[in-house]
Structures are given as structure tokens and as C-alpha cells.
Amino acid sequence: MLTDDVKLISVDDHVIEPRHVWEKYLPAKYREAGPRVVRPDNGPDEFWEWEGRRYPVQLQGSPTTRIFRDEGGSDRDFRSNSYDDMIPACYDVDERVKAMDVDGVQASLCFPQWPRFAGTRFLEATDWDLAAACVSAWNDWMLDEWCASYPDRFIPMSIIPLWDPVAAAAEMRRCAAKGSRTITMIENPTTLGLPSWWTDHWDPVFAAAEETGLVLSTHIGTGGKLFSPSTESTEAVQISLCGVNSMGAMVDLMYSGLLNRHPGVKVALSEGGAGWIPYMVERTQFTWERTRVGDVDKSISPVELYERHFWACFISDDIALELRDKIGMDKLMWEADFPHNDCNYPHTREMLAKQMADIPDADCKKIAETNARNLYNFHA
């Protein structure tokens, strides 16, 4: 069972960037052109404005992290349209820690929101120097303000300039020196118009990850879309199938050769669940042993690559808990997904305790706390 001494660590939460991030952390010469929040005509909606484009301040939060308008959470009110439509814990670090205390969560890894979960928003840039400065500014805010305010409560995360792997490697080294423990990494480069894992394009990034120990936290949807069987499939279908994205990311990396060249890289599959892992590893191994198609590297098996490189997490996944020994007791972690719709705030600890009621205490502690501490080298 989940005992009271276990300090929950969520390896997948999100932060709504405060209005001041780029106005405060960009170099002076870029501040006027940098992202800023505007409220046109003093209306009810707010937008991030950047390079002449406007993006709604949106959050598909849960009923307990949203403040609904007249629509009561449906239609136009399904997503927030301003900071007024969400609880302050979404964007205020002091309020976030108070919410974590209420929720029984000790520490959290926070993915970006407006830059998208892996900073892919900045791939839309027309001014690449400004975009690179925006990446560094987000990192400085996350490391020097958000995480530094409560160093025992937040695992430091960074984003990278995905369009330039050499610059990305340099930014990784800079952030690692400032205390970062992980970067948020895309799950599929090709859907973003970038070179695939099968090229040597990403070697500087993976080499920097090995050198610095930064974990590649690979969140579902960071390739720009979730798997959808048809054009008529609703968002509920895509969310139900989000594990398919993580399956694709893992198997493509396994076969690509990139991990063979970089044996020290650690990959965390974020928000894709974990109950599917034993089957997918078995199936990939079966195919690897039998395939006569393509140029497949036979020097190291998928089973070995999984054991060496991959970790996973879950919000609610009874199958993963049942199969925890097959997944690997050192490989499975837990996530809250605050403040998104899947989160159980303010009953997170209570809900997890129910899931783990029949799990041995030592296994619960590994899954809910120590696996995350060990992977992210977070012992605050």
C-alpha cells in the first residue's frame, strides 16, 4: 500500500507560463518583439502575441483547475480563454505549492504550455535569433525563478532550439550547468518537418544528453498530433489512444540506430501509460529476430535497448501495476498531469492510494517516489 512516508513525485505536470516570462527574461533588444499577453479591446479573452500572430491563452483543465464562464465547461467554455478562467495554481508558483500540499504531492516535473510541450511553438519563427533567445528565456525563468523558488518541490526542466541540433546541445550544456535535470524532447521529428531519428542530425543532442546526464522526457503529442484512426474520430478517441504515440516513439528509436550510438541516453515516455510495454517490447523483439526486410542492426536487441534506455509513467493504469515486474520495477513512475483534465486534484494522493491498495509497500515507494528521484537525479 501507499504508506504515509512516501513523498509523491509526479513526473508529468504542466505550467501555464506567467505573463511576465519573456518580458522579464529576454535580453533587452528582444523584449519588444518577444511573446507578450494582450487583451484586445479590453475584452474577456487574452492572447499570446508573437511575431504578429496571436495564440489564445488556453487550458483544457479539469473541473477543479478551471474557473468556468456561463457555458459551464462546454462549447466555447471547454477551454480557458484567459488567466481569469483558471485557478492561480496553474501559473503562480506559490499557489502551485499550496495546491501540491493539499494534493499530497511532494515534487513535480512541469512541462511547458504555451511553447507547447517540447518548445515546438518556436519552430514557427521567422526570426531564428529571437526564437533562440525565447528558448533560453523560458529556461532561465524555469530554472532561476519557478524551480529556484522551491528547489525541493520541482525537478528542473529545459527546452531546446529544435531547428539547430548544435545550438540545442550548447543550450543543454548551459542549462545542465544551471541545475537542469531533463529536457523535454519531441516524440517524432518527421511530423514537424525535421529529419528523422534514422539520420545523424540528432547526434549532437544525444551526445549532449549522454555527457550531461539530462533525461530526454518525451511527451505524447510533441510530434504535433495524436494518433487518429479517421478524420471523423473525436478528440476522445485520440486521448484514449495516446499510448500509441509512445509506442511509436519507443520502437522507432529502437530500430533507428541512434541509441546504439549513444548507449548512455535515458528516455522517459511521458503520459503514454505503461500497461502496453511488455507486449510492445515482446513484439519488437519477435520482429527483430525474424525480419529479413531492411537494414536492421542486430548488434543489440530491443529487449536490451528497452532495459538500457526507457522509463515510463502512468496516471491511472491498473494493468501497468499488475505487470510492474515485466515492465521493470525500476522503470515505472507516476504522474499527476496537473492541471490538465486527467488530473485528480485535489484528491490525487487518495486516488493513487486506492490504485495501490494491494501493492507491496516497497513497490509503491519505488513507483511513486524513488524511481523518479533516481532517474532525474533529484534528491532534494
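Just so it is clear, none of the values below were taken in a lab; they were calculated from the coordinates. Model, not experiment: these values are computed from the prediction. Counting neighbours? That spans all protein chains shown, and the Cβs are built from the backbone with ideal geometry, glycine included.
The C-alpha radius of gyration of the chain, expressed as a fraction of 2.2 N^0.38 Å, stands at 0.97.
Under the rule that an exposed site lies in a DSSP loop and has at most 15 other Cβ atoms within 10 Å, name the longest stretch of the chain with no GluC sites (Glu not before Pro) of that kind, not counting the sites themselves. Display every interim value, and only then the final one.
On the way: sites that count: GLU32, GLU51, GLU71, GLU232.
Between exposed loop sites, the widest span is 72-231.
With n ≥ 4 as the cut-off for DSSP H runs, can you work out [θ] at 222 nm for the chain, using -39500 (n - 2.57) per run divided by the number of residues, rounded to the nearest 500? Provide the component values of the computation, followed by the final result.
Details: 16 runs with 131 residues, N = 380.
-9500 deg cm²/dmol, from helical runs alone.
Can you find, among HIS309, PRO18, GLY223, the residue sitting farthest towards the positive end of the charge dipole of the chain, where Lys and Arg contribute +1 and Asp and Glu -1 at Cβ? Of HIS309, PRO18, GLY223, it is HIS309.
Dimensions of segment 115-268 from C-alpha coordinates, computed as largest minus smallest value along each principal axis and given longest first, are 44, 36, 33 Å. Distances between every pair of Cα atoms in segment 61-133, grouped in 5 Å steps from 0 to the bin holding the largest one, split as 3, 13, 17, 17, 16, 16, 10, 5, 1 percent. Taking 17 Å as the straight-line reach from the Cα of LYS354, the aspartates and glutamates in range (excluding those fewer than 8 positions away in the same chain) are ASP4, ASP5, ASP103, ASP317, ASP318, GLU322, GLU335, ASP342, ASP363, GLU369. Using the Cβ-Cβ distance between HIS347 and LYS326 with R0 set to 41 Å, the FRET efficiency from 1/(1 + (r/R0)^6) comes to roughly 0.90.
Using the Stokes-Einstein relation with a Kirkwood hydrodynamic radius computed over Cα pairs, the translational diffusion coefficient of segment 186-314 at 20 °C and a viscosity of 1.002 mPa s comes to 140 µm²/s.
Each label point was placed 7 Å from the Cα along the Cα-to-Cβ direction; for ASP101 and ASP200 their separation is 5.4 nm. Listed by chain and number, the aspartates and glutamates whose C-alpha is less than 14 Å from the C-alpha of LYS298, apart from same-chain residues fewer than 8 away, are GLU289.
Scaling the Cα radius of gyration of segment 150-241 by the globular reference 2.2 N^0.38 Å produces a ratio of 1.26. Averaging the sequence gap over all C-alpha pairs within less than 8 Å and six or more residues apart, then dividing by the number of residues, gives the chain a relative contact order of 20 percent.
Normalised by 2.2 N^0.38 Å, where N is the number of residues, the C-alpha radius of gyration of segment 1-130 stands at 1.20.
Size check on segment 248-363: the Cα extents along the three principal axes, sorted descending, read 50, 27, 23 Å.
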